[in-house]
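Chemist: So that we are looking at the same thing, I have put the structure below in structure tokens.
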Amino acid sequence: MSDFSEELIRPTTEDEQGEPRAPSGTGMCFPWLQKHIETIATGGKQEKDFAQTTSACLSLIQEALLKHQWQRAAEYMHSYFQILEDSDSNKRQIAPEIIWRLGSEILYYHPKSSVETFNTFADRMKNIGVMNYLKISLQHALYLLHHGMLEDANRNLSQAETWRYGEKSSSQEVLINLIQAYKGLLQYYIWSKKKMELSQLDEDDYAYNTASQNMLNHSWKTSINLCALIQIPGVWDPFVKSYVEMLEFYGDQDGAREVLTNYAYDEKFPSNPNAHIYLYNFLKREKAPREKLISVLKILYQIVPSHKLMLEFHRLLRKSENEEHHKLGLEVLFGVLDFAGCTKNITAWKYLAKYLRQTLMGSHLAWVQEEWNSRKNWWPSFHFSYFLAKSDWKEDKALACEKALVAGLLLGKGCRYFRNISKQDHQVLKKKIKQMKKSVKKYSIVNPGL
Amino acid sequence: MDLEEAKEFKDRCSQCAAVSWGLTDEGKYYCTSCHNVTERSREVINTEAIPNTKIQAINRGLKRKRKLEKGWDWYVCEGFQHILYQQAKALQTLGVGPELKNEVLHNFWKRYLQKSKQAYCKNPVYTSRRKTTVLEDNPSHSDWDSEPELLSDLSCPSFVESGAESQPDVHTQKPFPIIKASQSETASVCSGSLDGVEYSLRKEKGIVKMTVPRTLAFCYLSLLWQRETLTLADLLRFVEEEHIPYINAFQHFPEEMKLYGRDKGIFAIESWPNYEDIYKKIIEVATFLDLPRFPDITEDCYLHPNILCMKYLMEVNLPDEMHDLTCHVVKVTGMGEVDFLTFDPIAKKGKTVKYDVQAVAVIVVVLKLLFLLDDNLEWSLSNIAEKYNEKNEEDKPWFDFRKWYQVMKTAVDEKKQKWEEARAKYLWKSEKPLYHSAIDRSVVYKRREMVVSLQKQFSTLVGSTPTVEKQSPSSFQFSWTEEGSDRTCFHGHSLQGVLKQKGQSLMTKNSLYWLSTQKFCKSYCKHVTTYEESNFSLSYQFILNLFSFLLRIKTSLLHEEVSLIEKRLFKAKYSTTKKKSSRSRKARKC
């Protein structure tokens, strides 16, 4: 976090040739002018060595951190603390945050550091200045979580939650919500552990009642903690997920639906694929009508066309009665296979082979051509090269067969991939290959005759 | 910070909602967690609870006022006197003769007090407010024949150590009498010293006001008077290395001399002394004190260029044989003459020789004469020397510029890095923090406490070795005595490769020379030349950087000095050929 403006203002006193450099091109030089300009830039005052050495110290710390020299960094840190006593109140005010960030980094990695050292450091830093209390508390809690100290983290968050400072600035408000939400998340964790215990108990068991009562308590507290944060635009996946799980558990389906719908559709929120996935999964659990599921996935398709749910989307579209949906179904499959990560997805190829044949049988040649037009100059080398035919056959024969059928349908029986696979002699797949040849002959969009 | 008394106050803090109150010195409540100071003071709150609190509150108020840090009554100039005393003592432990402290500096200081009308005069500035007994009839048995009017009175022994008493009691040994003023109570509100506020407002024309950097000007003037073996660059380096008290010098004041408020602006320093700045101050002070001509700088003085050149040749590992050449340059330029070297504040207005910079500049000029330093000739001469040394291994080796460069480059880079790291680690803040006002005080102390505890915590992570071990003071920064593999000592190397016999005298093989500056600025700015690094050869840059690092000065200052020497050396060239003669042919006898 180096202060760039300061870097710009600072005259080049670090290197030995501190002499002001006047442009010498014109043959005129006004050394006094340069000096004058410099003093104006530093507010009429010459920068003191204190400021110079502390900023040099800061860059040495940063360098040491970059090189993972924790001990060296700690050495410089020892000297850097004096910035807290800087007579420049501006610098003094931004210092705690810098110190916190550097110091916590050092303490996180330093071999001689321990949780106790980190705790004392965090507690001290929280109380220097007021603006950092929440931020440091939250980071402190995350550190404790990272070390598996849930109770301490929880205590920390509770403390931070009740902290107030004058008129909360808007940024501080978000922080408070975030702290509450993390607290909620911790409670959710306890709750879900209790749920596990409960599921192992017999309903008639005496303990069952108390346990469920316990759970209820927790969920109530948690929902209070969580719901404030998720009203604010942002990406709150883990919070939303746990909140919905609890709502669902207690049968508040409407509440859960509202939360998820809001999270997915509120325009103020940033575009977030997970929001749609959560909503879709929820609706699926709820056994919502197909139309509704399709409409949710349609949006996901626009954001992430390669998502694994797209195959499910395809199935839904295929089953639909709507003609438009059938066309979209084909589009979706092509879309999935556009991505390098999906090229070996056998289900996708299987679906495509089957659906292509079906579409062509249903004489929707135009649909196929529409999709194929934009891909015909790159798919052949991307999916159907000779090399791929060989390697696919070697790795996964079933996949090769599906691909060969698609290749044949799209490129005609002359295409290399198809030829290579159909030439193969294999006992088990013999029948399949034969069928494939037949289909290609009958339905391929490339008619060799014409 | 009366936390006990503040317990009665149970309201929440308006800023942070905490209930944790302390009392300021003014009796107001402040929040210990966010340092918010309330408008409410103690007495107001308790009125409902206890009927006769008002009386109590008044009592308390008075008591508290007395509790304000209150030490001795002292004047700002006493503070400076104390610093000077500390510095003189430090110089004495560095090996400077005791006369410096007891006589010279003491007299300079008295003269300053007199000239600035603070003491030893008929109308001291303080008499306008207070009655002071002026020392009128002083027996004038001065040590200086030239300056009979300068007072050396016996009632002021603070510089003179008296037997067993090592720590002078400044309180009892004032240079001038102080009347315990009745208004001290009010004056101390804004400063710990009696006249801190007044002092910082004082702006009389023609008066050189004392500042912390000026203490070094006093030190240097007395060193120069005594012709001690210490240059200005050395003095400033010792200050930076903390062998001489300067930053936070007030820390060593007696416990009872309290500093706060305006004193902070007067005594707190956040920069190391800068050569040019202190140089200016030296002249300023010397002129203000109206000092007579200083003792002559003769050839046997340390500050004479011949001796200093020897010292710096040794320091930078150059052959001893070069000394003949430096002596010659000094002689030709007339820089070794007593009148040129001796400081005379009255006769030579605003000028004194920068002995160290000048000596180093002479060496640079000699290097230019021998090797030209045009990034070309020095390397071809090195090749010749290298070949010669390979062939004649038993002989005295020829000086090989390249080899020297390699050795010096690594040595100086290493040193520079260490120096930069040590600077970055320097702890500026004193153990007893200075604050502006009473309200400020608890916050400042709390901040100090916080820093100390953080430092304590991190010091456990640092490892067993202390961060920087204090170097013992030395006027040499490098030592080249041990014959290491990569630390070759060149002192004994010969210059045969670069000199040639001509008749009875030796001449430099190199007959060329280039001037660092072709034109001298004649305008009012008095600036000799600007040093634009990129205009010069790399070897020249290296040499300037090396020397300016040694002296901790700006490279441009050294370049300027080199130009001035060249101006003296090639006077004829400058006056006759003002044309574009970038390279003046030059053959010199040695």
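The values are calculated or read from the model by the stated rules, or taken from the named source; none is laboratory data. These numbers come from a predicted model, not from an experiment. So basically every Cβ, Gly included, is an ideal-geometry build from the backbone, and we count neighbours across all protein chains shown. Each accessible area value is taken on the protein alone, full model and side chains, heavy atoms only, with ligands, DNA and RNA left out. Shrake-Rupley method; radii C 1.70, N 1.55, O 1.52, S 1.80 Å.
Chemist: Counting only residues that are of a type in the set (A, V, I, L, M) and modelled with pLDDT under 90, how many does region B:376-407 have?
Modeler: Within region B:376-407, residues that are of a type in the set (A, V, I, L, M) and modelled with pLDDT under 90 number 0.
Chemist: How about region A:76-110: which of its residues are open to solvent by 60 Å² or more (accessible area, probe 1.4 Å) and either touching a Ser or Thr at 6+ places or on another chain (Cβ under 9 Å) or not in a loop (DSSP other than H, G, I, E, B) (or both)?
Modeler: Those that are open to solvent by 60 Å² or more (accessible area, probe 1.4 Å) and either touching a Ser or Thr at 6+ places or on another chain (Cβ under 9 Å) or not in a loop (DSSP other than H, G, I, E, B) (or both): A:90, A:92, A:93, A:94, A:101, A:105, A:108, A:109.
Chemist: Something else now. From the residues in region B:427-444 that are within 29 Å of the chain's Cα centre (by Cα) and closer than 14 Å to residue B:261 by Cα, which one is most open to solvent (accessible area, probe 1.4 Å)? Step through it out loud before you land on a result.
Modeler: Of all residues in region B:427-444, those within 29 Å of the chain's Cα centre (by Cα) come to B:427-436, B:444.
Going one step further and asking which of them are closer than 14 Å to residue B:261 by Cα, we end up with B:432-436, B:444.
Working: B:432: 59, B:433: 12, B:434: 22, B:435: 2, B:436: 108, B:444: 17 Å².
Here the residue is B:436.
Chemist: I've got another one for you. So which residues in region A:111-132 are open to solvent by 30 Å² or more (accessible area, probe 1.4 Å), more than 8 Å from chain B (Cβ to nearest Cβ) and either in contact with a Lys or Arg (Cβ under 6 Å, 6 or more places away or on another chain) or not in a helix (DSSP H, G or I) (or both)?
Modeler: Scanning region A:111-132 gives A:111, A:114, A:129, A:131.
Chemist: Of all residues in region A:330-386, which are of a type in the set (Ser, Thr, Tyr), assigned to a helix (DSSP H, G or I) and over 31 Å from the mean Cα position of the chain (by Cα)?
Modeler: A:355, A:359, A:381, A:386
Chemist: In this structure, does residue B:102 turn out to be within 30 Å of residue B:262 (Cβ to Cβ), surrounded by fewer than 23 Cβ atoms within 10 Å (Cβ to Cβ) and of a type outside the set (Phe, Trp, Tyr)?
Modeler: On the way: within 30 Å of residue B:262 (Cβ to Cβ): no; surrounded by fewer than 23 Cβ atoms within 10 Å (Cβ to Cβ): yes; of a type outside the set (Phe, Trp, Tyr): yes.
It is false that residue B:102 is within 30 Å of residue B:262 (Cβ to Cβ), surrounded by fewer than 23 Cβ atoms within 10 Å (Cβ to Cβ) and of a type outside the set (Phe, Trp, Tyr).
Chemist: Separate question: With respect to the numbered conditions (1) closer than 22 Å to residue A:359 by Cβ; (2) not in a helix (DSSP H, G or I), which one is the sole condition not fulfilled by residue A:316?
Modeler: (2)
Chemist: Give the residue that is nearest to the chain's Cα centre (by Cα), with candidates limited to residues of region A:68-86 that are within 7 Å of chain B (Cβ to nearest Cβ) and among the small types (Gly, Ala, Ser).
Modeler: At the first step, the residues of region A:68-86 found to be within 7 Å of chain B (Cβ to nearest Cβ) are A:71, A:74-79, A:81-82, A:84-85.
This time we only want the ones that are among the small types (Gly, Ala, Ser), so: A:74, A:79.
Working: A:74: 33, A:79: 38 Å.
The residue in question is A:74.
Chemist: Sticking with this one: For region B:312-354, what are the residues that are in contact (Cβ under 8 Å) with a residue 60 or more places away in the chain, under 22 Å from the mean Cα position of the chain (by Cα) and buried (at least 18 other Cβ atoms within 10 Å of the Cβ)?
Modeler: Passing the criteria: B:312, B:315, B:343, B:345, B:352, B:354.
Chemist: Check every one of the helices (runs of 4 or more DSSP H) wholly within region B:307-388 and list those with 3 or more residues that are more than 28 Å from residue B:479 (Cα to Cα).
Modeler: Passing ranges, in order: B:322-333, B:338-341.
Chemist: Restricting to region B:537-553, give me the number of residues that are surrounded by fewer than 20 Cβ atoms within 10 Å (Cβ to Cβ) and either at the interface with chain A (Cβ under 8 Å from one of its Cβ atoms) or not in a helix (DSSP H, G or I) (or both).
Modeler: So the answer is 4.
Chemist: State all residues of region B:418-443 that are under 30 Å from residue B:477 (Cα atoms) and touching a Cys at 6+ places or on another chain (Cβ under 8 Å); if no residue qualifies, say none.
Modeler: Passing the criteria: B:424, B:425.
Chemist: Here is a follow-up. Only one of (1) under 23 Å from the mean Cα position of the chain (by Cα); (2) surrounded by 14 or more Cβ atoms within 10 Å (Cβ to Cβ) fails for residue A:267. Which number is that?
Modeler: Tallying (1) under 23 Å from the mean Cα position of the chain (by Cα); (2) surrounded by 14 or more Cβ atoms within 10 Å (Cβ to Cβ), residue A:267 fails exactly one: (2).
Chemist: A further question on this structure: Of the residues B:405, B:435, only one is within 30 Å of residue B:191 (Cβ to Cβ) and outside the structural domain of residue B:258 (by the TED database); which?
Modeler: Checking each option against the conditions leaves just B:435.
Chemist: Please specify each residue of region B:271-302 satisfying the condition of being part of a loop (DSSP other than H, G, I, E, B), open to solvent by 30 Å² or more (accessible area, probe 1.4 Å) and not small (Gly, Ala, Ser). Full working, then the answer.
Modeler: Here is the first cut: in region B:271-302, the residues part of a loop (DSSP other than H, G, I, E, B) are B:271-274, B:290-302.
Going one step further and asking which of them are open to solvent by 30 Å² or more (accessible area, probe 1.4 Å), we end up with B:271, B:274, B:290, B:293, B:295-296, B:298-300, B:302.
Within region B:271-302, B:274, B:290, B:293, B:295, B:296, B:298, B:299, B:300, B:302 qualify.
Chemist: Is it the case that region A:119-141 has a residue that's of a type in the set (Phe, Trp, Tyr) and at pLDDT below 90?
Modeler: Within region A:119-141, one or more residues are of a type in the set (Phe, Trp, Tyr) and at pLDDT below 90.
Chemist: Could you say whether any residue in region B:361-377 is in contact with an Asp or Glu (Cβ under 6 Å, 6 or more places away or on another chain) and either free of Cβ contacts under 8 Å to residues at least 12 places away in the same chain or more than 24 Å from residue B:233 (Cβ to Cβ) (or both)?
Modeler: yes
Chemist: If you don't mind, there's one more thing I want to ask. Among (1) assigned to a helix (DSSP H, G or I); (2) without any contact (Cβ under 8 Å) to a residue 12 or more places away in the chain, where does residue A:71 come up short?
Modeler: All conditions pass for residue A:71, except number (2).
Chemist: Among A:160, A:95, A:56, A:153, which is the only one that is touching a residue at least 12 places away in the same chain (Cβ under 8 Å) and facing chain B (nearest Cβ under 9 Å)? Steps first, answer last, please.
Modeler: On the way: A:160 fails: facing chain B (nearest Cβ under 9 Å); A:95 fails: facing chain B (nearest Cβ under 9 Å); A:153 fails: facing chain B (nearest Cβ under 9 Å).
When all the criteria are applied, what remains is A:56.
Chemist: Would you list the helices (runs of 4 or more DSSP H) that sit entirely within region A:189-286 and hold 2 or more residues that are β-branched (Val, Ile, Thr)?
Modeler: In region A:189-286, A:206-231, A:237-249, A:253-265 are the helices (runs of 4 or more DSSP H) which contain 2 or more residues that are β-branched (Val, Ile, Thr).
Chemist: Separate question: Given the criterion in contact with a Phe, Trp or Tyr (Cβ under 8 Å, 6 or more places away or on another chain) and open to solvent by 40 Å² or more (accessible area, probe 1.4 Å), identify the matching residue among A:285, A:290, A:257.
Modeler: A:257
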